[in-house]
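Each remark here refers to the structure printed beneath this line.
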Amino acid sequence: MIEIPVGRFFEVIIQWMIDNWSGFFDAVTVTVSTALEAFEAILMWPHPLVMIFILTGVAWYISGKGVAIFTTAGLFLIEGMNLWPETMDTLALIFTAVLIALIIGIPVGIWASKNDLVEKLVRPVLDFMQTMPAFVYLIPAVLFFQLGKVPGVISTLVFATPPAVRLTNLGIRQVPEEVKEAALAFGSNPRQMLFKVELPVALPTILAGVNQTIMLALSMVVIASLIGAGGLGQPVLVGIQQLNIGLGFEGGIAIVILAIFLDRITQSVGTSTQEGQS
């Protein structure tokens, strides 16, 4: 049989990038760490009770009384389990990764919706990003950015970006032709068509992509803790290493509470947007 050294090929590429792109990786590290520290400072500055009140108010305003009650009970439980700092660290990591994912993913999705060749080139890349086991992303992330929170954000970003690209592309492509023709009849130029017609109509689908991006980012929390990202993944990881069932379950319950809170909030935003258009 013919031996095909695929792994060696990737090793050569990664080593070449380490040798020649060190300035780029340093810039990325500074940018990501600055954004992450800013989110951490904002989330950790108020007293936990004040933060619970704020997040409950957000849940009530966006999703209603039921989600607000769940948010209050869930966050008090997290505080009672002494996992508040880890929860805020996790939120900061998710916010940073999702923000960068949307900054990259939505423009790429718009570009793909406007150009069939770009879509054909982007699709296999997204398939690769979504089907590659998440643990594999940790290897180049550590090689490029060392251990810590920054490689955790980067690996989370790579894993979570595809839904933002796919659903932005899908949403814009599904804008009815009659709507586009009416906009053209009123003299819309391409920029006006995009920002005043296509993006508003596609917004519910794009927000569904945002929701999926957040959920995928949260699913990377435990995995990213393997390379020092901290947060709620840390107690779960320690629980596995020490066979500490209680600690592992506490970390897992906190992750579930955070996931339900973020999911209901983003779903409600998408639903209200869709109802506003109908």
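Coordinate-derived values only; no laboratory data. Worth saying up front: this structure is predicted, and the values here are computed from it rather than measured. Every residue, glycine among them, receives a Cβ derived from its backbone with ideal geometry; neighbour counts consider all protein chains shown.
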What list of ³J(HN,Hα) couplings, whole Hz, do you get for the range 185-198 from phi and the Karplus terms 6.51, -1.76, 1.60, once you set θ to phi - 60° and write x for glycine and proline? 5, 8, x, 5, 8, x, 5, 5, 4, 5, 7, 9, 10, 5
Highest average packing first - 193-201, 97-105, Cβ atoms within 10 Å: 97-105, 193-201
Normalised by the residues of the range 165-231, what does the relative contact order come to in percent, with Cα pairs under 8 Å and at least six apart? 41
How large is Rg/Rh for the range 37-142, to two decimals, with Cα atoms and a Kirkwood Rh? 1.11
If you build the Cα gyration tensor of the range 126-278 and take the root of 5 times each eigenvalue, what three semi-axes come out, in whole angstrom, biggest first? 39, 18, 10
Given unit charges at Cβ for Lys, Arg (+) and Asp, Glu (-), the dipole magnitude of the chain about its Cα centre in debye, nearest 20, is 400
The range 108-174-the range 187-253 distance, computed between alpha-carbon centres (Å): 13
Just the number: Rg to Rh for the range 1-98, Cα atoms, Kirkwood Rh, two decimals. 1.26
Principal axes first, then extents: for the Cα atoms of the chain, list largest minus smallest coordinate on each axis, whole Å, largest first. 66, 62, 37
For the chain, calculate the relative contact order in percent as a whole number, restricting contacts to Cα pairs under 8 Å that are 6 or more residues apart. 22
With a cap of 15 neighbouring Cβ atoms within 10 Å, and only residues DSSP puts in a loop, list the chymotrypsin sites (Phe, Trp or Tyr not before Pro) found in the range 1-82. W21
With a cap of 16 neighbouring Cβ atoms within 10 Å, and only residues DSSP puts in a loop, list the chymotrypsin sites (Phe, Trp or Tyr not before Pro) found in the range 84-187. F186
